[in-house]
Amino acid sequence: QVQLVESGGGVVQPGGSLRLSCAASGDPFIIVAMAWYRQAPGQQRELAALITRGGTTTYADSVKGRFAISRDAARNTVYLQMNSLKPEDTAVYYCNADFNMLPTGTLKNFWGQGTQVTVSS
């Protein structure tokens, strides 16, 4: 098994910034892709940003130009830099990862426990 531990959430004023971190640990794996999803109250969980092993990134239209996903492969950690935050960015942010588990190569998907981001004046 693999554990994903998120950190960096909190309360910020509109226009402010936050950086989320997600560190993976546990059984040996190879990263296929890591992503950040978010779920606002009463809404479905949605993809915010994704980064593949090769470094290709994908963003939801609502966060393009404001959020940046990056990774530190040596630390098995993915980050989400969130700038120009808006009240509508308020949500629980979840780390998600696809790993090829070693030594079998079996593809498995994991979720973190979530971290709250609140954008409010």
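The values are calculated or read from the model by the stated rules, or taken from the named source; none is laboratory data. Since the model is a prediction, treat every value here as computed from it, not as a measurement. In this analysis, Cβ positions are derived from the backbone assuming ideal geometry, glycine residues included, and neighbour counts consider all displayed protein chains. Note: areas computed on protein heavy atoms with side chains; ligands, DNA, RNA excluded. Shrake-Rupley method; radii C 1.70, N 1.55, O 1.52, S 1.80 Å.
What the table below lists for this structure:
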{"quantity": "Those residues of segment 18-38 which are open to solvent by less than 60 Å² (accessible area, probe 1.4 Å), in contact (Cβ under 8 Å) with a residue 60 or more places away in the chain and more than 11 Å from the chain's Cα centre (by Cα), in sequence order", "calculated": "LEU18, ALA24, PHE29, ILE31, VAL32"}
{"quantity": "Count of residues meeting criterion [part of a loop (DSSP other than H, G, I, E, B) and open to solvent by less than 50 Å² (accessible area, probe 1.4 Å)] in segment 43-69", "calculated": "4"}
{"quantity": "Members of segment 101-121 that are open to solvent by less than 30 Å² (accessible area, probe 1.4 Å) and over 24 Å from GLN44 (Cβ atoms)", "calculated": "MET101"}
{"quantity": "Subset of segment 76-109 that is among the hydroxyl-bearing types (Ser, Thr, Tyr) and assigned to a loop (DSSP other than H, G, I, E, B) - its residue that is modelled with the lowest pLDDT", "calculated": "THR104"}
{"quantity": "Exclusive hit being surrounded by 15 or more Cβ atoms within 10 Å (Cβ to Cβ), under 19 Å from THR115 (Cβ atoms) and of a type outside the set (A, V, I, L, M), set ASP98, ASP72, ASP89", "calculated": "ASP89"}
